[in-house]
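A short write-up of the structure that comes next.
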Amino acid sequence: MHDKQVRRRRAVLALLVAVSLILLSAYFGESEGGPLHGVQRGIVAVLSPIQQGASTVLSPVRDVAGFFSSTFHAKNEVAQLSKANQELRFQVAELKGSEIQNEQLSHLVKLDNDIGINSYRPVSAHVIGSDPSLWYDQIEVDAGRDQGVRTNQPVIGDDGLVGLVTDVTSGDSIVTLITDHTIEVTAEVEDGVGDVGVLQPSIGNPNELVLSDLPHDANIVAAQQVVTAGFHSGNLDSLYPPNIPIGVVSSVNPVTLASSGQVQVSPVVDLRHLDVVQILTKPQAGSTRASTVP
Amino acid sequence: MSVSPSFVIRVLALGFLAVVIQVAAVSQISIFGVNADLSPLVVMSVGLLAGSITGALMGFGMGLLVDLVLVQTLGVTSLLYIAIGYWSGRLRELRDPAHGLVPLGVGAAATGVAGIGMALIQFLLGVDAPVSLLLVQQILLTVLVNSLIALPVYAVVRRAIGPSLPDDPRRRRRRRYTTGGLSPLQRPSSGLGPVTRAASK
């Protein structure tokens, strides 16, 4: 009797492990259009209304918890923001002058650089789900194919770039955040010459990104803004429009910059507390200048 | 050990609700910079209450649901949660720990296994991005946060599936051995008969 129980227990365990390994191998090996991906998308489509309802019902709980969590960090943030505010005031004064000069020059060369983020046909969406894992940084939003959303469309938050649409069903989408290990963004540092590098997440540290492949002699200092580069090369267009803010250079180690062309970047968007995002459904709107500032 | 349909329905509903609440609310609440993760705690609780086979089955099902809902690589979370459910169940079957803080310790261990296991599998599958040492800190913080909520989660799971838990013959045998099959309060009156004052002296 006991032997039978032991055998049954081991058989169940072996069967479950085998099924998991088969699923893992099959999913990892198949393309995005494979049957397992299709089943997954179907399940997401079926469950999204439930998730949407649960998100609405549980939003007061989330808000209360978020309030206490935010208050905890508020004191530190006040000091940091006061310092940043002071620096930004100087930058605004400087940029005002440049803006006037830019407008005058644009009129001269007949270029219209006054088109903002609206030219990318943004679609607003609420966050209805979030991933708790340290390895996958994804959110689920309540806008999908029916609203014109497609895969590989960029997503922005209040202050800047959030991520990329990686999966779409009829009514909702999965957005992979810029802190996910599968995402890389070509980014430009606003250091006067526009040094370009590849922005990658630093796994395990959601508040930091690594901008690598920079020129070794780049003149980059802390607090410089990092924006999307939005390159265009032949038929190849960047997935992200140019000049969407991503973050600010948080620290520069001259030795690391010279040897491996890397600097640390802090994202400007609080990716852990997203409520509403905008999906840019027409990211290739021409050589326009994006701006998240109204 | 026979399993009633009521037990199956309760366990399925519990797993489904836990994943929905996790994704829709808990994942969006940041404590010490990390999110609590209900799923390994629920799997651990079911294992501790219902044994290794049920724990492993719950781990597989809940892991699969997590992977499906969050559009992750299928099978990864299942693999980890099978281990959590199975070993929690084995702990109950081999040791039958009665201390009230057991779920806290097992919950911390389950979260640690989930965090470290996920890191190992991701490394095996290949990671292109740089990995920060802060990942270790994040895993430890998640273990800490989950330890704080392990007891309430265990209590909720016990309340949810407790009434329909299958009777464990091993536990019944032990009760018979220690108490004669009855509550210790009943034992003197029924087992020994009435005790007179003179006899007790």
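Listed values, structure above:
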read-out	value
Considering residues of segment A:57-99 that are within 14 Å of B:Ile29 (Cα to Cα) and among the aromatic types (Phe, Trp, Tyr) only, the residue surrounded by the most Cβ atoms within 10 Å (Cβ to Cβ)	A:Phe72
Any hit, segment A:100-108, residues being loosely packed, with under 13 Cβ neighbours inside 10 Å and either closer than 30 Å to B:Leu74 by Cβ or at pLDDT 85 or above (or both)	no
Matching residues, segment B:75-94, being more than 7 Å from chain A (Cβ to nearest Cβ) and in contact with an Asp or Glu (Cβ under 8 Å, 6 or more places away or on another chain)	B:Thr77
Single residue of A:Leu88, A:Leu95 found to be more than 8 Å from chain B (Cβ to nearest Cβ), farther than 23 Å from B:Ala83 by Cβ, without any contact (Cβ under 8 Å) to a residue 12 or more places away in the chain and within 24 Å of the chain's Cα centre (by Cα)	A:Leu88
Residue match in segment B:7-17 (condition: within 10 Å of another protein chain (Cβ to nearest Cβ) and at negative phi)	yes
Yes/no for A:Arg62 being among the charged types (D, E, K, R), in contact with a helix residue (DSSP H, G or I) (Cβ under 9 Å, 6 or more places away or on another chain) and facing chain B (nearest Cβ under 9 Å)	yes
Test: residue in segment B:61-74 that is under 20 Å from A:Arg8 (Cβ atoms) and either among the basic types (Lys, Arg) or more than 7 Å from every other protein chain (Cβ to nearest Cβ) (or both)	yes
In segment A:128-139, the residues that are part of a strand (DSSP E or B) and facing chain B (nearest Cβ under 7 Å)	A:Ile128, A:Gly129, A:Ser130, A:Gln138
Single residue of segment B:118-127 satisfying the filter (at the interface with another protein chain (Cβ under 7 Å from one of its Cβ atoms) and surrounded by fewer than 17 Cβ atoms within 10 Å (Cβ to Cβ)) that is farthest from the chain's Cα centre (by Cα)	B:Val127
Residue check for B:Thr54: within 8 Å of another protein chain (Cβ to nearest Cβ) and either surrounded by fewer than 22 Cβ atoms within 10 Å (Cβ to Cβ) or touching a residue at least 40 places away in the same chain (Cβ under 8 Å) (or both)	no
Qualifying position, being buried (at least 23 other Cβ atoms within 10 Å of the Cβ), among the hydrophobic types (A, V, I, L, M, F, W, C), touching a Leu at 6+ places or on another chain (Cβ under 9 Å) and at pLDDT 90 or above, among B:Val66, B:Val106	B:Val106
Filter pass, A:Thr166 being within 14 Å of chain B (Cβ to nearest Cβ), surrounded by fewer than 24 Cβ atoms within 10 Å (Cβ to Cβ), in a strand (DSSP E or B) and within 9 Å of the chain's Cα centre (by Cα)	no
Boolean, B:Val34 is at the interface with chain A (Cβ under 7 Å from one of its Cβ atoms) and more than 21 Å from A:Val6 (Cα to Cα)	no
Residues of segment B:66-100 that turn out to be closer than 30 Å to A:Ala26 by Cα, part of a loop (DSSP other than H, G, I, E, B) and out of contact with any Ser or Thr (no Cβ under 9 Å at 6 or more places or on another chain), as a count	1
Pair list, Cβ < 8 Å and 6+ apart or interchain, from segment B:71-86 residues that are farther than 16 Å from B:Gly112 by Cβ to residues that are part of a loop (DSSP other than H, G, I, E, B)	B:Gln72/A:Asp131; B:Gln72/A:Ser133; B:Gln72/A:Tyr136
Number of the exception - B:Met1 against (1) modelled with pLDDT of 90 or more; (2) within 9 Å of chain A (Cβ to nearest Cβ)	(1)
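The values are calculated or read from the model by the stated rules, or taken from the named source; none is laboratory data. Just so it is clear, the model here is predicted, and its values are computed rather than measured. Reconstructed Cβ throughout: ideal geometry from the backbone, glycine too, with neighbour counts over all protein chains shown.
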